[in-house]
Amino acid sequence: MEASTALMVLSAIAAYLIWFTVVTRSLKGPRVWPLVGSLPGLIHHANRMHDWIADNLRACGGTYQTCICALPFLARKQCLVTVTCDPKNLEHILKLRFDNYPKGPTWQTVFHDLLGEGIFNSDGDTWLFQRKTAALEFTTRTLRQAMARWVNRAIKNRFCPILAAAERENKAVDLQDLLLRLTFDNICGLAFGQDPQTLAVDLPDNAFAISFDRATEATLKRFILPEIIWKLKRCLRLGMEVSLTQSLKHIDHYLSNIIETRKLELLNAGGATLHDDLLSRFMKKKAESYSNQFLQHVALNFILAGRDTSSVALSWFFWLCIKNPRVQENILAELCTVLISTRGTDVSTWLEDPLVFEEVDRLVYLKAALSETLRLYPSVPEDSKYVVNDDVLPSGTFVPAGSAVTYSIYSVGRMKFIWGEDCLEFKPERWLSRKALPRQGPRLPSDEVHRRRRPPPPPPRPRPGPPRRAEDVPHALHEVRPQGERPPQGSHLAAGKDNKQQLPTLSPSSIFFA
């Protein structure tokens, strides 16, 4: 009996190894191990995951397939992942065959507790309806008006005074943290018309912001575990699932009060528009059909979309400008040229009001610098899609139904076959035509540009964020726009330790306004 059992075990092992050899022979990219697939490599390179994926794509010509769990009946379906940065493949996935690549059941299950059926956690008709509604309600004109009100007020009354106080007291501030607070206050105002005031002078903790951070962190950790494991932890109230439940209760209470108050305001006003935030527009459009839960999810989805994406992009932008003084000079020269033509040569008149959108539209080099920032450090480094039906990518790669496709935006900006030999360099000029290249123009006085350097302070705490869609360049530009106001006199931007290995993946190294 023992001999026959041993023989059966050895036969099963031999059969598995033969199957494993045949299956993995066609897989490129990172090494695939028996049973655990490519997970060991992913875990080993977790601190540089995006660069590791870029290295694999570079070695495989822009597309590879791997298996995250090498088990029969799963390795070629649910556990198969196709990773690509080929622009033709991206166009195929995101445009030409968009209906064949939804977010999929895994993504929706993981994020359902936090985002429900909001626009960033839905597919098909539900997604299309919310997208059309938001697009119609937030036209360019209304968006600009709301942005002007919320952003200008936050920059003038909070952001600049904090920098001025830091300059007077000779203290360093965590610029990335300030930008996170700035974008959070702004997106809350745009989403549901409430100002959480996280960018107040004393930089207070906000219960809603803390709950939102904890909920997104706990939700993100679900991706690491198999679905059955995190669902079991949720039932047994273990680990981060406890924090997620508590945070969702606080978020629900906070947003429910806002929604009930807004409904009463709309009822008393007879349907007149008292607010121009997204929540009020949804409610006024068809209030009787929208439950409070749906309205909460609408607001939360847009907060998730507009908070970390913008602040991370701006933080990387300032960090790259610090590392490239030439780019700083070109941005200042262009800004001065535009202000001279619109406000005259008296520098004092430049500081009376923030830049208007017509002036921003003329800042071509600044837009190019922001585009170059997003090329090198996109707010959403990777995104994943579910394959509904069998398909063949333009690169010739077959993707079976039930598998996943991950497209690496981070890697797209680091491929020589796309951007040339200088793909790793920060060069805004690559986005400009010859006519738009910067020329030598008016400069600020030297005492306004060059400041005394101070020792860099210690780095701030990391602020990782969940995967999400990147915001458009114009949105980030709107956040930059009011910062044309004069910085505190005697101040300068300085980065923390110049150690590339210390740079976090989703957020820049220590950036300070000292």
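Numbers for the structure displayed
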read-out	value
Residues within region 16-41 that are free of Cβ contacts under 8 Å to residues at least 24 places away in the same chain and open to solvent by less than 60 Å² (accessible area, probe 1.4 Å), tallied	2
Filter result for the condition that a residue is open to solvent by less than 10 Å² (accessible area, probe 1.4 Å) and either touching a helix residue (DSSP H, G or I) at 6+ places or on another chain (Cβ under 7 Å) or under 30 Å from LYS385 (Cβ atoms) (or both), over LEU90, LEU80	LEU80
Of all residues making up region 66-77, the number that are open to solvent by 20 Å² or more (accessible area, probe 1.4 Å) and either modelled with pLDDT of 95 or more or β-branched (Val, Ile, Thr) (or both)	1
Any hit, region 396-406, residues being assigned to a helix (DSSP H, G or I) and open to solvent by 20 Å² or more (accessible area, probe 1.4 Å)	no
Helices (runs of 4 or more DSSP H) wholly inside region 1-107 containing at least 3 residues that are among the aliphatic types (A, V, I, L, M) and either within 24 Å of the chain's Cα centre (by Cα) or over 24 Å from ASN121 (Cα atoms) (or both)	2-24, 39-44, 49-59
Single condition PHE192 does not satisfy, out of (1) within 18 Å of ILE258 (Cβ to Cβ); (2) surrounded by fewer than 18 Cβ atoms within 10 Å (Cβ to Cβ)	(2)
Scope region 289-338; condition out of contact with any Leu (no Cβ under 8 Å at 6 or more places or on another chain) and either modelled with pLDDT of 90 or more or of a type in the set (Val, Ile, Thr) (or both); matching residues	ILE303, THR309, TRP319, LYS323, ASN324, PRO325, ARG326, GLN328, GLU329, ASN330, ALA333, THR337
Counted residues, region 329-350 - those being open to solvent by less than 60 Å² (accessible area, probe 1.4 Å) and either on the phi > 0 side of the Ramachandran plot or among the acidic types (Asp, Glu) (or both)	3
Cβ-Cβ under 8 Å pairs, at least 6 apart or on other chains, region 249-261 side in contact (Cβ under 8 Å) with a residue 12 or more places away in the chain, far side among the hydroxyl-bearing types (Ser, Thr, Tyr)	HIS250/SER211; ILE251/SER211; TYR254/SER211
Counted residues, region 407-428 - those being under 30 Å from GLY104 (Cα atoms), not hydrophobic (A, V, I, L, M, F, W, C) and not in a helix (DSSP H, G or I)	4
First in region 298-325 and among the basic types (Lys, Arg), second anywhere and at pLDDT 85 or above and assigned to a helix (DSSP H, G or I), Cβ under 7 Å, 6 or more apart	ARG307/THR183; ARG307/PHE184; ARG307/ILE187
Matching residues in region 293-328 - criterion: being farther than 30 Å from TYR254 by Cβ and open to solvent by less than 50 Å² (accessible area, probe 1.4 Å)	TRP316, PHE317, PHE318, TRP319, LEU320, CYS321, ILE322, ASN324, VAL327
Single unsatisfied condition, PHE212 versus (1) touching a residue at least 40 places away in the same chain (Cβ under 8 Å); (2) within 22 Å of ASP277 (Cβ to Cβ); (3) surrounded by fewer than 20 Cβ atoms within 10 Å (Cβ to Cβ)	(3)
Some residue of region 46-59 being at pLDDT 90 or above and either of a type in the set (Val, Ile, Thr) or farther than 26 Å from ASN89 by Cβ (or both)	yes
Hits in region 134-164 (condition: closer than 30 Å to ALA218 by Cα, surrounded by fewer than 18 Cβ atoms within 10 Å (Cβ to Cβ) and among the β-branched types (Val, Ile, Thr))	none
Hits in region 239-264 (condition: acidic (Asp, Glu) and open to solvent by less than 60 Å² (accessible area, probe 1.4 Å))	GLU241
Complete set of residues in region 366-391 that are in a helix (DSSP H, G or I), in contact (Cβ under 8 Å) with a residue 60 or more places away in the chain and either open to solvent by 10 Å² or more (accessible area, probe 1.4 Å) or farther than 27 Å from ARG97 by Cα (or both)	LEU366, LYS367, ALA368, LEU370, SER371, THR373, LEU374
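The values are calculated or read from the model by the stated rules, or taken from the named source; none is laboratory data. Just so it is clear, the model here is predicted, and its values are computed rather than measured. Cβ coordinates were reconstructed from backbone atoms using ideal geometry, including for glycine residues, and neighbour counts include every protein chain displayed. Keep in mind that these areas ignore ligands, DNA and RNA; they rest on the heavy atoms of the full protein, side chains included. Shrake-Rupley method; radii C 1.70, N 1.55, O 1.52, S 1.80 Å.
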